[in-house]
Amino acid sequence: MSTRDVKDAPLRPRRLLVVLLLPLFMALVAVSVINVALTPIGHSLHASSGGLQWILSGYALAFAILLVPAGRIGDATGRRRMLIIGIAVFTIGSLLAGLAPSVPVLNAARILQGIGSGLLNPQSIGLIQQHFRGQARARAFASFGTTVAVATAIGPVLGGLLIQLLGEEAGWRWIFLANVPIGILAIVLARAWIPDDRAPSRREKADLDPVGTILLGAAILLVMLPFLERGVSALMWLSLPVGLGVLFGWVAWESRYRDAGRPPMVDPAIFRNVPFRNGILIVSVYFLGATSIWIIVPLYLQAHLGHTPFEASIIGLPSSVAAMISSQLGGRYVLRLGRRLVIAGFLTALAGLALTALLAGPVENGATYWLLSLPLMLIGLSQGMTVSPNQTLTLQAVDPRFGGVAGGVMSLGQRIGAAVGTALIPGILFSLTEGGTAYREAFVITLVVIMALTLAALAVSIVDRQREKAEGLGS
């Protein structure tokens with residue numbers, strides 16, 4: 001099939017959604033699976049803790065730095081092409097990771113995977129914005145949320161299974177190599193099923209605001225680095241205020257670029273869009289606390305109660321099933337309920353967190369650890385009521401022409417929130433236990449901190465609900 005045939009063929013929404021979610025699934029599994037692979041990698045490649053840290057940090061930094069620039073390039077030059085490039089880069093990174101003879105090569109391969117993920121993620125969101133409207137878009141983002149839940153749940157289980165069946169050396173390598181055929185399939189389907197949306201040929205090149213791109217990349221690197229490399233040196237924290245200064249400089253540059261009549265990478269005016277700004281704030285604060293639940297619960301089970309890593313990993317499966325179901329229900333009702341659905345999701349999360357804290361005592365005193373799966377299911381249920389619906393409500397306020405940039409900004413908020421949260425929340429738990437606080441008390445206090453962050457996200461949601469009511473929406 002020629003490029004022209006694909007461009008002129010009638011759009012088939014289901015096929016389009018499949019080809020958008022397949023690489024997303026692959027990239028998300030690459031994030032969730034790596035935790036169970038770190039120990040085998042360390043044994044196989046004789047890696048230090050610092051080397052292992054960069055297997056995580058290199059991916060996270062490359063991913064976050066590219067989200068917004070990749071969205072801008074996709075919006076300006078064509079999203080299908082950028083999606084295919086992202087899948088190809090991720091697939092090559094997966095192949096190199098699976099064949100890596102040393103830790104430096106593996107770290108470079110993981111950075112390549114992060115680059116690929118950063119390129120493809122905003123294209124998926126932008127293409128959903130471009131080709132779906134109304135309830136169809138809500139269902140598409142619901143499928144997006146379901147994919148996140150499935151990938152997060154299956155990643156550690158799949159990784160553990162491969163390592164158990166193939167042994168440590170072959171097992172961790174096939175965790176990466178399994179992405180190669182999936183990536184090739186995704187490229188073939190993308191070429192066949194996604195309409196070619198390249199910008200018309202013209203003599204002048206698209207203005208991609210290179211200075212703005214460099215400034216934002218530097219700001220993200222400097223802001224995230226101390227949270228990802230917090231154990232290296234206390235001096236690392238000096239990069240945080242420097243990064244915030246560069247971020248303010250980026251905003252000033254973007255405003256000046258726009259005022260000069262040129263297209264900035266991100267027009268600062270987008271942040272005057274109240275529903276978009278509120279949605280970014282909601283998801284950033286939510287990820288600040290929510291992602292850490294799946295760090296501190298396994299820590300509590302393993303470090304304090306003596307359960308195996310496999311037992312700690314499967315405790316989250318019922319929660320992921322609940323998230324899959326609620327994501328689909330959320331997609332069905334989000335346009336009818338508006339922010340009320342997100343508010344209900346945060347209230348459900350608060351109930352789950354409170355019950356987790358209450359049940360920690362019985363579990364410590366001999367009750368089955370599976371008792372914790374009940375409140376964790378509530379947390380999973382809340383995920384489907386908050387993440388995808390918030391994405392739908394936030395992005396429907398943005399012109400689809402700028403869907404890639406908007407999606408990149410939104411994903412960046414998630415990544416920064418998650419990076420800060422995974423440093424802050426476990427750090428509180430470790431500080432309390434090392435300071436002499438009993439482990440269960442430290443665990444409960446940490447859960448209360450996550451509840452406080454959830455309350456903050458709930459407060460912003462309530463404020464945005466008042467805006468909806470004033471505008472006659474979601475009533």
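The values are calculated or read from the model by the stated rules, or taken from the named source; none is laboratory data. Everything numeric in this text was worked out from a predicted model, so none of it was measured. Cβ placement follows ideal geometry from the backbone for every residue including glycine, while neighbour counts extend to all protein chains displayed. Areas reflect the complete protein model, heavy atoms only, side chains present, ligands, DNA and RNA absent. Shrake-Rupley method; radii C 1.70, N 1.55, O 1.52, S 1.80 Å.
Could you tell me whether segment 115-131 includes any residue that is touching a Ser or Thr at 6+ places or on another chain (Cβ under 9 Å) and either surrounded by fewer than 23 Cβ atoms within 10 Å (Cβ to Cβ) or without any contact (Cβ under 8 Å) to a residue 12 or more places away in the chain (or both)? No, every residue in segment 115-131 fails to be touching a Ser or Thr at 6+ places or on another chain (Cβ under 9 Å) and either surrounded by fewer than 23 Cβ atoms within 10 Å (Cβ to Cβ) or without any contact (Cβ under 8 Å) to a residue 12 or more places away in the chain (or both).
Screening segment 51-62 for residues that are open to solvent by 40 Å² or more (accessible area, probe 1.4 Å) and either in contact with a strand residue (DSSP E or B) (Cβ under 9 Å, 6 or more places away or on another chain) or not polar (S, T, N, Q) (or both) and picking the one that is nearest to W172 (Cα to Cα) gives L56.
In segment 1-49, the qualifying residues are those that are at pLDDT 80 or above and of a type in the set (K, R), and the one that is most open to solvent (accessible area, probe 1.4 Å) is R14.
For segment 271-313, a residue qualifies if it is open to solvent by 30 Å² or more (accessible area, probe 1.4 Å), farther than 21 Å from A423 by Cβ, of a type in the set (A, V, I, L, M, F, W, C) and assigned to a helix (DSSP H, G or I), and the qualifying residues are F271, V274, F310.
Taken as a whole, the condition of being open to solvent by less than 10 Å² (accessible area, probe 1.4 Å), in contact (Cβ under 8 Å) with a residue 12 or more places away in the chain, over 28 Å from T213 (Cβ atoms) and out of contact with any Phe, Trp or Tyr (no Cβ under 6 Å at 6 or more places or on another chain) does not apply to A140.
Scan segment 45-75 for residues that are closer than 13 Å to L225 by Cβ and among the hydroxyl-bearing types (S, T, Y) and the total you get is 1.
Please find, within segment 394-447, the residue that is most open to solvent (accessible area, probe 1.4 Å) out of those that are in contact (Cβ under 8 Å) with a residue 24 or more places away in the chain and either of a type in the set (K, R) or outside any helix (DSSP H, G or I) (or both). First the steps, then the outcome.
Pass one, segment 394-447, residues in contact (Cβ under 8 Å) with a residue 24 or more places away in the chain: 394-398, 400-427, 429, 439-440, 443-444, 446-447.
After this cut, where a residue has to be either of a type in the set (K, R) or outside any helix (DSSP H, G or I) (or both) as well, the list is 396-398, 401, 415, 440.
Details: Q396: 97, A397: 38, V398: 13, R401: 154, R415: 69, R440: 88 Å².
Among residues in segment 394-447 that are in contact (Cβ under 8 Å) with a residue 24 or more places away in the chain and either of a type in the set (K, R) or outside any helix (DSSP H, G or I) (or both), the one most open to solvent (accessible area, probe 1.4 Å) is R401.
Looking across segment 352-370 at every residue that is surrounded by fewer than 15 Cβ atoms within 10 Å (Cβ to Cβ) and in a helix (DSSP H, G or I), the one that is nearest to the chain's Cα centre (by Cα) is identified as W370.
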